[in-house]
Protein chains: 2
Amino acid sequence: MSRSLRLATNLARHYPWVTTPFIVSAPMRVMSSPSLAVAVSNAGGLGFLGPGVKTQDIHKDLEEISTLLKTNTASANTNSESLPVGVGFQLWSDDVTVGIAAIERYKPCAAWLYAPHNTDTDYDHWARQIRRVSPHTHIWIQVGSLAEATALLSASEKPDVVVVQGAESGGHGRETDGLGLITLFPEVADAYADSGIPLFAAGGIADGRGAAAALCLGADGVVMGTRFLATPEARISRGYQNEIVRASDGAASTTRTFLYNQLRGTVGWPKNYSPRTIINQSYRDHQAGVPFEELKRLHDEALQAGDDGWGPEGRLATYAGASIGLIHGVKDADTIVREVREQVLEKFAPVGKSKL
Amino acid sequence: MSRSLRLATNLARHYPWVTTPFIVSAPMRVMSSPSLAVAVSNAGGLGFLGPGVKTQDIHKDLEEISTLLKTNTASANTNSESLPVGVGFQLWSDDVTVGIAAIERYKPCAAWLYAPHNTDTDYDHWARQIRRVSPHTHIWIQVGSLAEATALLSASEKPDVVVVQGAESGGHGRETDGLGLITLFPEVADAYADSGIPLFAAGGIADGRGAAAALCLGADGVVMGTRFLATPEARISRGYQNEIVRASDGAASTTRTFLYNQLRGTVGWPKNYSPRTIINQSYRDHQAGVPFEELKRLHDEALQAGDDGWGPEGRLATYAGASIGLIHGVKDADTIVREVREQVLEKFAPVGKSKL
């Protein structure tokens, strides 16, 4: 095995069912469903449940996960202390009391914290309460800049894992100070060299090439979000999913813009986050100077059209990463994890060894 | 050896002195000097001479390269048909007649073409003339988007090598439709899968981690620019070089802006190119609303200050890639090539094998 494929000792111990390379499905809001999280963990990765429309939804979702894990014969090999899936929270909008109660009850192996109103206090506040009710739950924190990453090194509640998200990511990432993984990741890795904290790479990874590249940059594991939107397990509208499969040329066909948040009436995201979306008619009309009220009217009409509201001529938010050009079909989450793993192992395989 | 490290057959034949992984120094205008190009090729990489202030300068520079190659005892092992260094041209500003005459006389192994006024005709025009006077000179073309890359597939003069430059790059890259290598590269690689044309990765690579990552993304070789600015061989002012070494946090401390071109009086760059630079006082004042005339006056004063014109409080253009946070000192070009090579080989080395 290549050195780049070795799992860090603390990861191998805490996630005993995970196979190298460490592949994670991101906690995408609503879309990262119980069945997606379970499928990824069952395939030897780590699946995260996404935040719900309301924090309270986590109870129903974690109950479903517990049931799926019990009935699934391929159920993940785990220690009995925690559920072999993680949960994600969007700190600015999630209710900490409700979230902590769910963690206390279901003991997920990891909690992924993101997008606080106050970086200095909110991570510590959540982490302290999580550790109090569930000492075995790892704290994962997602950052998108070197400054955010280094600030965590002096936090009173140190994260167990830091996820470094590059500018190619989908959904809400850094608005202005984001940068591609190829330079951001090694800079963070250098800052963390003596920390003992494993680093995961996210943003723009959709197959074994990106995953292997991230390992070379120094990642202990890789996170994919958009890739898992094109699974039957994702909790996503068909029209939206079709766009993930159809769109290509991530640079030309996606952009970061607040427009769709405004059209959807989403308010409250902290400063310096902006979502990447597939460009469609709403954005093109906005660029062409069509007034917001008109865009909003057309958007709300499109909402009524169901799956037809998405597409190149569609008007609905289609949050996605720049990796959409690498995604050409819907596949089971299990298949994706296994394929990416094989592609990564092949990258590091010696010449002359037979194909996996 | 790992599969990711195999050199493509046509590359191994054309550049017989090059050792895997294939490491290239970019043709940075003026700064990629004769001694830098020769040092990189002598270290088993491929060095490119940068475009000069005037195209005519290439004659003096290639003469110097010829002399250096003759007197250097470690002179690159090459076939006798061509010089084991490449030359770069900035098509919108370089004189094709002068450039072709130099290629005819010195027969560099490669000519790197970039930034034409007219993508549809200028590449073909240059490539045809180069091939007429020097059939063994490989045509390298640099692109920064999927659309540019796919357009080349139907060019009448096909490139021998395509360089895919990610948004993290320094100097003049894509203004608005650039994207990080982690997604851009594999999308281009898929489009080129049946082309037989080797692809090189550029932009944000400054050490063995980025280089190994690029190979995993499917690159046949890697190009570094900014990294080689921090060498004694680079034709660069000390104040500028000090900034490359000093600056960190590539996302926060660099940006793409036309401001410094305007301050320097550089006009004529084709549409959709914009340079990345280290942010200094000129840019901060510009953001704060200081009028251009005042910025220009202060800039021109700073020009008189020599090396003191650069620095965090300086005012002069400091074009550089986002990888500056990975560069911590000045090293010989030879040392850089050898270190990056060893770092890459180590990434692919099996566990248990002794360190290189």
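Structure notes:
- Net charge contributed by nearby residues that have their C-beta within less than 11 Å of B:Val38 (K/R +1, D/E -1): -3
- Residue-averaged [θ]222 nm for the protein assembly as shown, counting only DSSP H segments that reach four residues, each worth -39500 (n - 2.57): -11500 deg cm²/dmol
- A straight line joining the Cα centroids of region A:277-294 and region B:163-223 runs 31 Å.
- DSSP bridge orientation in region A:41-138 - percent antiparallel, rounded to nearest 5: 0 percent
- Pairs beyond 20 Å (Cα-Cα), from B:Lys70/B:Lys107; B:Lys54/B:Lys331; A:Lys70/A:Lys107: B:Lys54/B:Lys331
- Reachable aspartates and glutamates, given that their alpha-carbon falls under 18 Å from the alpha-carbon of B:Lys60 and they are not under 8 places away in the same chain: B:Asp94, B:Asp95, B:Glu104, B:Glu233
- If you run the Gaussian network model on chain A, springs between alpha carbon atoms under 10 Å, then out of A:Ala302, A:Ala151, A:Ala39 the most flexible one is A:Ala151.
- Whole-Hz couplings from phi, Karplus 6.51/-1.76/1.60, listed for region B:106-114; x for Gly and Pro: 9, 6, x, 5, 8, 10, 9, 9, 7
- Prolate/oblate/rounded call for chain B, Cα gyration tensor, a/c under 1.5 rounded: rounded
- Karplus 3J(HN,Hα) series, Hz, for region B:261-267 with 6.51 cos²θ - 1.76 cosθ + 1.60 (x for Gly, Pro): 4, 5, 5, 7, x, 7, 10
- Low-density loop cleavage sites - trypsin sites (Lys or Arg not before Pro) in region A:1-96, where at most 15 other Cβ are within 10 Å (DSSP): A:Arg6, A:Lys54
- Longest stretch of chain A clear of exposed loop sites (GluC sites (Glu not before Pro), DSSP loop, at most 13 other Cβ atoms within 10 Å, sites excluded): A:82-312.
- Beta bridges per DSSP with both ends in chain B, % antiparallel, nearest 5: 20 percent
- Basic side chains Lys and Arg get +1 at the Cβ, acidic Asp and Glu get -1 at the Cβ, and with that the dipole of the protein assembly as shown about its Cα centre reaches some 1420 debye.
- Here the spin labels are modelled as points 7 Å beyond Cα on the Cα-Cβ line, and at A:Thr150 and B:Lys271 they lie 4.1 nm apart.
- For A:Lys271, no lysines have a Cα closer than 18 Å to its Cα, not counting residues fewer than 8 places off in the same chain.
- For region A:238-324, a simple Cβ point-charge model (Lys and Arg +1, Asp and Glu -1, everything else neutral) yields a dipole of about 360 debye relative to the Cα centre.
- B:Thr119 sits among other residues whose Cβ lies under 13 Å from its own Cβ, and their net charge, with Lys and Arg +1 and Asp and Glu -1, is -3.
- Surrounding net charge for B:Gly306, when Lys and Arg each add one and Asp and Glu each subtract one, Cβ distance under 15 Å: -4
- The antiparallel fraction among DSSP beta bridges confined to the protein assembly as shown stands at about 25%.
Values in this text are rule-based calculations from the coordinates and carry no lab data. Here the structure is a predicted model, which means the values were calculated and not measured. Glycine gets a Cβ as well: all are built from the backbone with ideal geometry, and neighbour counts include every protein chain shown.
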